[in-house]
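Inspection log for the structure reproduced underneath, given as C-alpha coordinates.
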Amino acid sequence: SSESYLRIDKLIDVAIRARVHAVHPGYGFLAENATFARAVAEAGLIFVGPSAEAIALMGDKVAARQTAVAAGAPTVPGSARDLDDEGLMAAAAEIGYPVMIKAAAGGGGKGMRTVRTPEELPGSLAAARREAKGAFGDDRVYLEKLVENARHIEIQILGDQFGNVISLGERECSIQRRHQKLVEEAPSPFADQALRERMGGLAVRVARAVNYTN
(Lines give C-alpha, C1' and ligand atoms only; values in the text may rest on other atoms or scores of the structure.)
Protein backbone atom coordinates (compact mmCIF):
# COMPACT_ATOMS: atom_id res chain seq x y z
CA SER A 1 0.00 0.00 0.00
CA SER A 2 2.91 2.38 0.64
CA GLU A 3 3.75 2.21 -3.07
CA SER A 4 0.21 2.32 -4.42
CA TYR A 5 -2.87 3.46 -2.51
CA LEU A 6 -0.82 5.78 -0.29
CA ARG A 7 1.15 7.39 -3.14
CA ILE A 8 -0.52 10.76 -3.72
CA ASP A 9 1.70 11.60 -6.71
CA LYS A 10 0.81 8.37 -8.50
CA LEU A 11 -2.92 8.75 -7.84
CA ILE A 12 -2.96 12.33 -9.14
CA ASP A 13 -1.01 11.22 -12.22
CA VAL A 14 -3.55 8.47 -12.93
CA ALA A 15 -6.43 10.93 -12.52
CA ILE A 16 -4.87 13.41 -14.95
CA ARG A 17 -4.05 10.70 -17.49
CA ALA A 18 -7.64 9.42 -17.29
CA ARG A 19 -8.97 12.99 -17.73
CA VAL A 20 -11.36 12.65 -14.82
CA HIS A 21 -13.25 15.64 -13.42
CA ALA A 22 -13.48 14.53 -9.82
CA VAL A 23 -11.87 12.14 -7.36
CA HIS A 24 -13.80 10.27 -4.67
CA PRO A 25 -11.44 9.04 -1.94
CA GLY A 26 -13.39 5.92 -0.99
CA TYR A 27 -12.59 4.78 2.57
CA GLY A 28 -9.38 4.02 4.41
CA PHE A 29 -5.92 4.85 3.05
CA LEU A 30 -6.07 8.54 1.97
CA ALA A 31 -9.82 9.08 2.48
CA GLU A 32 -9.22 11.33 5.49
CA ASN A 33 -5.89 12.80 4.35
CA ALA A 34 -5.84 16.60 4.03
CA THR A 35 -2.69 16.55 1.89
CA PHE A 36 -4.44 14.35 -0.65
CA ALA A 37 -7.55 16.55 -0.73
CA ARG A 38 -5.35 19.61 -1.26
CA ALA A 39 -3.35 17.89 -4.00
CA VAL A 40 -6.54 16.98 -5.87
CA ALA A 41 -7.73 20.59 -5.76
CA GLU A 42 -4.32 21.93 -6.81
CA ALA A 43 -4.40 19.57 -9.81
CA GLY A 44 -7.59 21.31 -10.95
CA LEU A 45 -9.86 18.41 -9.97
CA ILE A 46 -12.84 18.27 -7.64
CA PHE A 47 -12.34 16.39 -4.38
CA VAL A 48 -15.64 14.68 -3.54
CA GLY A 49 -15.69 15.33 0.18
CA PRO A 50 -14.84 17.96 2.80
CA SER A 51 -12.24 20.64 2.27
CA ALA A 52 -8.59 19.98 3.10
CA GLU A 53 -8.95 22.36 6.05
CA ALA A 54 -11.92 20.45 7.49
CA ILE A 55 -10.17 17.12 7.01
CA ALA A 56 -7.06 18.42 8.76
CA LEU A 57 -9.19 19.20 11.80
CA MET A 58 -11.60 16.28 11.77
CA GLY A 59 -9.53 13.61 10.02
CA ASP A 60 -6.97 13.85 12.80
CA LYS A 61 -8.83 12.25 15.69
CA VAL A 62 -6.96 14.22 18.38
CA ALA A 63 -7.74 17.53 16.65
CA ALA A 64 -11.35 16.35 16.22
CA ARG A 65 -11.62 15.74 19.96
CA GLN A 66 -10.30 19.25 20.66
CA THR A 67 -12.73 20.75 18.15
CA ALA A 68 -15.66 18.87 19.71
CA VAL A 69 -14.71 20.07 23.19
CA ALA A 70 -14.42 23.67 21.97
CA ALA A 71 -17.88 23.36 20.37
CA GLY A 72 -19.38 22.18 23.65
CA ALA A 73 -19.80 18.50 22.80
CA PRO A 74 -19.20 15.95 25.58
CA THR A 75 -16.24 13.61 25.13
CA VAL A 76 -14.67 10.77 27.09
CA PRO A 77 -11.29 11.41 28.79
CA GLY A 78 -8.33 11.10 26.43
CA SER A 79 -4.64 11.89 25.95
CA ALA A 80 -2.97 14.87 24.29
CA ARG A 81 -1.59 14.68 20.75
CA ASP A 82 1.87 13.53 19.60
CA LEU A 83 2.93 11.90 22.87
CA ASP A 84 5.76 9.38 22.86
CA ASP A 85 5.30 6.00 24.51
CA GLU A 86 6.48 7.30 27.87
CA GLY A 87 4.00 10.16 27.71
CA LEU A 88 1.19 7.79 26.71
CA MET A 89 1.97 5.51 29.64
CA ALA A 90 1.73 8.47 31.99
CA ALA A 91 -1.54 9.55 30.32
CA ALA A 92 -2.98 6.03 30.70
CA ALA A 93 -2.27 6.10 34.42
CA GLU A 94 -4.05 9.45 34.69
CA ILE A 95 -7.04 8.42 32.56
CA GLY A 96 -7.37 5.06 34.32
CA TYR A 97 -7.50 1.57 32.85
CA PRO A 98 -8.94 0.12 30.73
CA VAL A 99 -7.96 2.40 27.82
CA MET A 100 -8.25 2.18 24.06
CA ILE A 101 -5.33 2.95 21.76
CA LYS A 102 -6.50 4.66 18.57
CA ALA A 103 -4.77 5.80 15.38
CA ALA A 104 -4.70 9.59 15.14
CA ALA A 105 -4.83 9.68 11.34
CA GLY A 106 -7.71 7.34 10.51
CA GLY A 107 -10.36 4.87 11.61
CA GLY A 108 -11.97 1.71 10.31
CA GLY A 109 -10.66 -0.34 13.22
CA LYS A 110 -7.03 0.06 12.14
CA GLY A 111 -4.47 0.84 14.82
CA MET A 112 -6.89 0.11 17.66
CA ARG A 113 -6.06 -1.92 20.76
CA THR A 114 -7.81 -2.46 24.09
CA VAL A 115 -5.41 -2.27 27.04
CA ARG A 116 -6.49 -3.34 30.53
CA THR A 117 -3.22 -3.25 32.48
CA PRO A 118 -0.01 -1.15 32.43
CA GLU A 119 1.97 -4.27 31.53
CA GLU A 120 0.06 -4.66 28.26
CA LEU A 121 0.57 -1.09 27.11
CA PRO A 122 4.13 -1.09 25.61
CA GLY A 123 3.50 -4.09 23.34
CA SER A 124 0.06 -2.84 22.35
CA LEU A 125 1.44 0.60 21.49
CA ALA A 126 4.09 -0.93 19.23
CA ALA A 127 1.51 -3.10 17.44
CA ALA A 128 -0.95 -0.21 17.04
CA ARG A 129 1.75 2.07 15.64
CA ARG A 130 2.81 -0.53 13.06
CA GLU A 131 -0.77 -1.07 11.93
CA ALA A 132 -1.50 2.66 11.76
CA LYS A 133 1.67 3.23 9.73
CA GLY A 134 0.72 0.53 7.26
CA ALA A 135 -2.89 1.67 6.88
CA PHE A 136 -2.51 5.45 6.91
CA GLY A 137 1.20 6.20 6.45
CA ASP A 138 1.15 7.78 9.93
CA ASP A 139 2.07 5.96 13.14
CA ARG A 140 0.73 8.52 15.62
CA VAL A 141 -1.67 7.14 18.22
CA TYR A 142 -3.55 8.48 21.23
CA LEU A 143 -5.55 7.08 24.12
CA GLU A 144 -9.17 7.25 25.18
CA LYS A 145 -10.89 5.86 28.25
CA LEU A 146 -12.57 2.60 27.26
CA VAL A 147 -16.32 2.73 27.86
CA GLU A 148 -17.43 -0.86 28.33
CA ASN A 149 -20.56 -2.06 26.49
CA ALA A 150 -21.15 1.32 24.86
CA ARG A 151 -23.51 1.78 21.94
CA HIS A 152 -21.87 2.96 18.70
CA ILE A 153 -24.34 5.46 17.26
CA GLU A 154 -23.38 7.77 14.41
CA ILE A 155 -25.12 10.96 13.36
CA GLN A 156 -25.44 11.54 9.63
CA ILE A 157 -25.01 15.14 8.54
CA LEU A 158 -25.20 17.03 5.28
CA GLY A 159 -23.48 20.37 4.66
CA ASP A 160 -23.70 22.43 1.47
CA GLN A 161 -21.55 25.24 0.08
CA PHE A 162 -23.86 27.95 1.47
CA GLY A 163 -23.47 27.40 5.20
CA ASN A 164 -26.44 25.05 5.67
CA VAL A 165 -25.83 21.98 7.83
CA ILE A 166 -28.55 19.51 8.82
CA SER A 167 -28.78 16.26 10.74
CA LEU A 168 -30.30 13.33 8.86
CA GLY A 169 -30.75 11.20 11.97
CA GLU A 170 -28.66 8.40 13.34
CA ARG A 171 -27.55 4.90 12.54
CA GLU A 172 -26.85 2.14 15.05
CA CYS A 173 -23.44 0.55 14.40
CA SER A 174 -22.83 -1.46 17.55
CA ILE A 175 -22.64 -4.89 15.90
CA GLN A 176 -18.93 -5.08 15.10
CA ARG A 177 -16.02 -7.45 14.59
CA ARG A 178 -12.49 -6.27 15.31
CA HIS A 179 -13.79 -2.72 15.76
CA GLN A 180 -15.31 -2.73 12.28
CA LYS A 181 -19.03 -2.36 11.71
CA LEU A 182 -20.90 -5.36 10.34
CA VAL A 183 -24.49 -4.10 10.51
CA GLU A 184 -25.85 -0.57 10.39
CA GLU A 185 -29.47 0.09 11.35
CA ALA A 186 -31.43 3.32 11.07
CA PRO A 187 -33.00 4.59 13.17
CA SER A 188 -31.30 3.17 16.27
CA PRO A 189 -33.66 1.16 18.50
CA PHE A 190 -31.71 2.50 21.50
CA ALA A 191 -32.18 6.25 20.85
CA ASP A 192 -35.35 8.08 21.80
CA GLN A 193 -36.40 11.37 20.23
CA ALA A 194 -34.83 13.51 22.94
CA LEU A 195 -31.42 11.83 22.58
CA ARG A 196 -31.72 11.92 18.77
CA GLU A 197 -32.33 15.67 18.79
CA ARG A 198 -29.54 16.33 21.30
CA MET A 199 -26.95 14.28 19.41
CA GLY A 200 -28.03 15.72 16.06
CA GLY A 201 -27.76 19.26 17.37
CA LEU A 202 -24.27 18.63 18.73
CA ALA A 203 -23.14 17.07 15.44
CA VAL A 204 -24.38 20.10 13.50
CA ARG A 205 -22.64 22.46 15.94
CA VAL A 206 -19.30 20.69 15.50
CA ALA A 207 -19.71 20.58 11.71
CA ARG A 208 -20.37 24.31 11.56
CA ALA A 209 -17.29 24.95 13.71
CA VAL A 210 -15.08 23.59 10.92
CA ASN A 211 -17.13 24.85 7.95
CA TYR A 212 -17.84 21.24 7.01
CA THR A 213 -19.22 20.48 3.55
CA ASN A 214 -19.83 17.11 1.95
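The values are calculated or read from the model by the stated rules, or taken from the named source; none is laboratory data. Everything numeric here is computed off the predicted structure, so don't read it as measured data. FYI the Cβ positions are ideal-geometry reconstructions off the backbone, even for glycines, and counts take in every protein chain you see. For the accessible areas, the whole protein counts, side chains as well, though only heavy atoms, and no ligand, DNA or RNA atoms are used. Shrake-Rupley method; radii C 1.70, N 1.55, O 1.52, S 1.80 Å.
Below, the figures for the structure above:
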| read-out | value |
| --- | --- |
| Options F162, F136; residue that is at pLDDT below 95, among the aromatic types (F, W, Y) and open to solvent by 70 Å² or more (accessible area, probe 1.4 Å) | F162 |
| Residues (touching a Ser or Thr at 6+ places or on another chain (Cβ under 8 Å), open to solvent by 40 Å² or more (accessible area, probe 1.4 Å) and not in a loop (DSSP other than H, G, I, E, B)) located in segment 90-113 | R113 |
| Hits in segment 12-41 - residues which are surrounded by 16 or more Cβ atoms within 10 Å (Cβ to Cβ) and either more than 15 Å from G137 (Cα to Cα) or in contact with a strand residue (DSSP E or B) (Cβ under 7 Å, 6 or more places away or on another chain) (or both) | I12, A15, V23, P25, A37, R38, A39, V40 |
| Output for segment 192-214, where each listed residue is touching an Asp or Glu at 6+ places or on another chain (Cβ under 8 Å) and modelled with pLDDT under 95 | V210, N211, T213 |
| Hey, L45 in contact with a strand residue (DSSP E or B) (Cβ under 8 Å, 6 or more places away or on another chain), open to solvent by less than 30 Å² (accessible area, probe 1.4 Å) and more than 20 Å from G109 (Cα to Cα) or not | yes |
| The listed residue being over 21 Å from A56 (Cβ atoms), out of contact with any His (no Cβ under 7 Å at 6 or more places or on another chain) and surrounded by fewer than 19 Cβ atoms within 10 Å (Cβ to Cβ), out of L121, L146, L125 | L146 |
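Yes or no, residue by residue, for (1) touching a residue at least 24 places away in the same chain (Cβ under 8 Å); (2) surrounded by 12 or more Cβ atoms within 10 Å (Cβ to Cβ); (3) of a type outside the set (K, R):
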residue: R140; (1), (2), (3): yes, yes, no
residue: R171; (1), (2), (3): no, yes, no
residue: R178; (1), (2), (3): yes, no, no
residue: P189; (1), (2), (3): no, no, yes
residue: N211; (1), (2), (3): yes, yes, yes
